[in-house]
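Here the structure is laid out as structure tokens; the discussion comes afterwards.
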Amino acid sequence: MNSAKKIAVVTGANHGLGFETSRQLAKQGYHVIIASRDEEKGQKAAQTLQNEGLSIIFYPLNVTNDESCQKLAAFIENEFGKLAVLINNADIMIDDRDGGNSIFDVQIETLKETMETNVYGVLRVTKALVPLMKKRKYGRIVNISSGMGQLIHMEIGHPGYRISKTALNAVTRILSNELQINNILVNSVCPGWVKTDIGVSPAPHIMEKGVDTIIWLATLPDGSATGNFFRDHQPIAW
Ligand SMILES: NC(=O)c1ccc[n+]([C@@H]2O[C@H](COP(=O)([O-])OP(=O)(O)OC[C@H]3O[C@@H](n4cnc5c(N)ncnc54)[C@H](OP(=O)(O)O)[C@@H]3O)[C@@H](O)[C@H]2O)c1
């Protein structure tokens, strides 16, 4: 299939913010690939959005698996030969399983597993897909971070998740520096506390508000900001 549309990939898009981001990108005219590790959930999510008349497909992706990332890259290369947007959304938050809020409660294994998905997973997917952006000298990469990764807010609770999001922000800075020459803009975003599986009630934000800044960053014009951290369209402290 040769699409005249811009192609976008959203990782971990079978539900939550990734799902809504896929919907909003497709509404803006993108052909969106919902990349999900669970085939059944991913197919169902894609079907729901196809039923809304949107240009969406599913492709399996486990961000912790190199081969899976390479397969996604090969699929996009064969089908479309290009990629405009990558939303690194997939994450885990598993500190709770060690039964405490303190960094002294959290097992090193839990930290390693969190980093594997939230940081190395992002790098793995990005390394696989960036060649498809470089070819066209165009790309927008949005790393979904969190205010919990801001160094100015390192409080107790979810230490593994916090460390992973701080490290993700470092990845954003390094990538933005290396990729700017290729017209590939890379930014981090905090979506705010949103009502999803992570943002259980009483999260104040509805989904549409959570994805608003993500969509803005995914569709920035050439020459716009890169290597920054945003919330509600405004730069925030690292
Ligand atoms: N919700 C909030 O209030 C909030 C606030 C700040 C930041 N964020 C950030 O926003 C993003 C989305 O949040 P959310 O609340 O929508 O999260 P969520 O509901 O937990 O969804 C996470 C998604 O990532 C997928 N995933 C996990 N590991 C994966 C892997 N190895 N390969 C592929 N996919 C994987 C999950 O798949 P399964 O369904 O198979 O588990 C799920 O689809 C995350 O990066 C989160 O840190 C959210």
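A few remarks follow.
- Restricting the stretch 93-107 to residues that are of a type in the set (D, E, K, R) and within 16 Å of the ligand (Cβ to nearest atom), the residue that is surrounded by the fewest Cβ atoms within 10 Å (Cβ to Cβ): 97
- Looking only at the stretch 51-70, and only at residues there that are in a helix (DSSP H, G or I) and crowded, with 16+ Cβ neighbours inside 10 Å, the one that is nearest to the ligand (Cβ to nearest atom): 68
- Residues in the stretch 76-92 that are outside any strand (DSSP E or B) and buried (at least 16 other Cβ atoms within 10 Å of the Cβ): 76, 79, 80, 82, 83, 84, 89, 90, 91, 92.
- Taking (1) within 17 Å of residue 14 (Cβ to Cβ); (2) free of Cβ contacts under 8 Å to residues at least 12 places away in the same chain in turn, residue 54 satisfies each apart from (2).
- The requirement of being part of a helix (DSSP H, G or I) and either in contact (Cβ under 8 Å) with a residue 40 or more places away in the chain or more than 22 Å from residue 61 (Cα to Cα) (or both) is fulfilled nowhere in the stretch 183-206; no residue meets it.
- Taking (1) within 21 Å of residue 32 (Cβ to Cβ); (2) modelled with pLDDT of 95 or more; (3) of a type in the set (A, V, I, L, M) in turn, residue 168 satisfies each apart from (1).
- Residues of the stretch 176-195 that turn out to be open to solvent by 30 Å² or more (accessible area, probe 1.4 Å) and not acidic (Asp, Glu), as a count: 6
- Filter result (more than 12 Å from the chain's Cα centre (by Cα) and either within 13 Å of the ligand (Cβ to nearest atom) or not in a strand (DSSP E or B) (or both)) within the stretch 21-37: 23, 24, 25, 26, 27, 28, 29, 30, 33, 37
The values are calculated or read from the model by the stated rules, or taken from the named source; none is laboratory data. Keep in mind that what you see is a predicted model, and the values were worked out from it rather than measured. Positions of Cβ are backbone-derived with ideal geometry, glycine not excepted, and every protein chain shown enters the neighbour counts. All accessible areas refer to the heavy atoms of the entire protein, side chains included, with ligands and DNA or RNA removed. Shrake-Rupley method; radii C 1.70, N 1.55, O 1.52, S 1.80 Å.
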